Amino acid sequence: MAPSALTPETSPERKISVKKVAPQTRSHSSSVSSVASIRLNDGNSIPQVALGVYKAPNGQETEDAVTAALDAGYRHIDSAARYANEEACGRAIRRWLEKTGTPREDVFICSKLWDADHGYEATFNALCASLDKFGLDYLDLYLIHSPAEDEEKRLESWRALETAQRLGKVKSIGVSNFGAAHIESLLDNATVVPAVNQVEVHPFCQREALVELCNKNGIKIEAYSPLARGNKLEDPTIGAIAKKYNRTPAQILLNWNAARGNVVLPKSLTASRIQSNLESFDFQLSPEDVATINALGAENYVTGSMHKSKD
Ligand SMILES: NC(=O)c1ccc[n+]([C@@H]2O[C@H](COP(=O)([O-])OP(=O)(O)OC[C@H]3O[C@@H](n4cnc5c(N)ncnc54)[C@H](OP(=O)(O)O)[C@@H]3O)[C@@H](O)[C@H]2O)c1
């Protein structure tokens, strides 16, 4: 079997075959890839690659992108109430499930609670609204989108997520944009340890201390903006490594992240990129090249200050 960048914690029995594709960016003979799943601390499995849909409109363009992703082999969609596109995602997912006869359980769907809805009851109402928009009975993962300022309300929201999980409205629960202090406060107060912390992670923003804290507590890192929003695809170091492996810079960024065991959430509305991003994991960077990429790792955020925690 070809070496793969996907994490060693993947469960082979959950490997998903991806239909044969004609690679657009390389001439390698292998034309089949697979998306692995990772086991979360609650026993559920999460596909390691998701289609991110931040800034995707609530209409046909997003429906087409989600459909293209599912056709290509993605089995994980990362949306949020704040993205205001849960309806378009839901329409595309439900239509695709029906068309292909795929069981609902085979697609992993994540949404997030927005800051304005923190608090116990407000969290339930927001979750119900998200489920309505998706047209689904449950979500696979529901995250507190950001810690916001009010710790008491944040902890109430977490208790609501714990209850929602017990009721089967969400399979797994987690957080996003939590820094070390937010994680520690949550661990001191929570009954359920978050399954994931979704934060900005890519070679130019590695957040080593936070990643280590999460790993130590069994909290999986979901790397958002794994392509650094497209802002680092011209970087000469990444470019040279891409050339060496006959890959695109985007594929190098995604491969590096997945090899660390992180879930990656590349966003694209372009069918060819949706496809080529999925073909990023069937090769292994050499230890020397990984070390070169690791050396790029200043705390270089490409997302707004809203999402920067102090730690
Ligand atoms: N929890 C949070 O607070 C948070 C914050 C940010 C992001 N996220 C999640 O993470 C996902 C990804 O992050 P992101 O959207 O910020 O940025 P990203 O995935 O790092 O980059 C997306 C940008 O890269 C372009 N792109 C995609 N594939 C490409 C390729 N192969 N070659 C060249 N350009 C390519 C896309 O353009 P096209 O669409 O035109 O192809 C888009 O402009 C989001 O969609 C969201 O699901 C979460």
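Quick note: the coordinates plus some simple rules give every number you see, no bench work behind them. On a predicted model such as this, the values are computed, not experimentally measured, just so you know. For neighbour counting, all protein chains shown are included, and Cβ atoms are generated from backbone atoms with ideal geometry for every residue, glycine included.
Top mean-square fluctuation among 240, 92, 80, Gaussian network model of the chain, C-alpha springs under 10 Å?
240
Using mean Cβ contacts within 10 Å as the protection proxy, how do 184-191, 61-68, 37-44 order, highest first?
61-68, 37-44, 184-191
Collect residues whose amide H, placed 1.01 Å from N in the peptide plane, falls under 5 Å from the amide H of residue 45; neighbours closer than 5 in sequence don't count.
For residue 45, whose amide H was placed from the backbone, the distant partners under 5 Å are 40.
Enter the angle in degrees (range 0 to 90, nearest 10) between the Cα long axis of helix 249-259 and the first principal axis of the Cα atoms of the chain, meaning the one along which they spread out most.
Here the helix axis deviates by roughly 60 degrees.
Running a GNM on the chain with Cα contacts under 10 Å, which residue among 299, 156, 234 ends up with the highest mean-square fluctuation?
Largest GNM mean-square fluctuation: 234.
Quickly rank 202-213, 244-255 as a protection proxy: mean count of other C-beta atoms within 10 Å, highest first.
The most tightly packed comes first, giving 244-255, 202-213.
Springs between alpha-carbon atoms under 10 Å, Gaussian network over the chain: tell me which of 54, 142, 224 tops the mean-square fluctuations.
Judging by the Gaussian network model, the answer is 54.
Compute the semi-axes of the equivalent ellipsoid of the chain, taking the square root of 5 times each eigenvalue of the Cα gyration tensor, and list them largest first in whole Å.
29, 23, 17
If I stretch the segment between residue 271 and residue 215 completely, what's the gain in nm (0.36 nm per residue apart, minus their alpha carbon distance), one decimal?
16.8 nm
Testing the spin-label approximation: label points 7 Å from Cα along Cα→Cβ at residue 292 and residue 152. State their distance in nm.
Going by the 7 Å Cα→Cβ label model, 5.5 nm.
Normalized C-alpha radius of gyration of region 98-230, against 2.2 N^0.38 Å?
With N residues counted in region 98-230, Rg over 2.2 N^0.38 Å equals 1.07.
Within a 10 angstrom radius of the beta carbon, how do 279, 105 rank from fewest other beta carbons to most?
Result, fewest neighbours first: 105, 279.
Over 27 Å between C-alpha atoms is what I'm after, so list which of 133/232; 112/244; 153/220; 153/267; 133/171 land there.
Among 133/232; 112/244; 153/220; 153/267; 133/171, the Cα-Cα distance tops 27 Å for 133/232; 112/244; 153/267.
Given H placed on each backbone N at 1.01 Å, which residues far from residue 198 in sequence or on other chains put an amide H within less than 5 Å of it?
Amide H to amide H, under 5 Å and 5 or more residues apart or across chains, residue 198 pairs with 175, 176, 177, 178, 222.
I'd like the orientation of helix 60-72 relative to the chain: the angle between its Cα long axis and the longest Cα principal axis, in ° from 0 to 90, rounded to 10.
Helix 60-72 sits at roughly 60 degrees to that axis.
Per-residue ellipticity at 222 nm for the chain, helices alone: DSSP H runs ≥ 4 residues times -39500 (n - 2.57), over residue total, nearest 500 deg cm²/dmol?
Mean residue ellipticity at 222 nm (helix-derived): -11500 deg cm²/dmol.
With a sphere of radius 13 Å drawn around the Cβ of residue 174, what net charge do the other residues whose Cβ falls strictly inside it have (Lys, Arg +1; Asp, Glu -1)?
-2
Quick one: 3J(HN,Hα) in Hz for region 291-302, Karplus 6.51/-1.76/1.60 with θ = phi - 60°, rounded, Gly and Pro as x.
4, 4, 5, 4, 6, 7, x, 5, 7, 10, 6, 9
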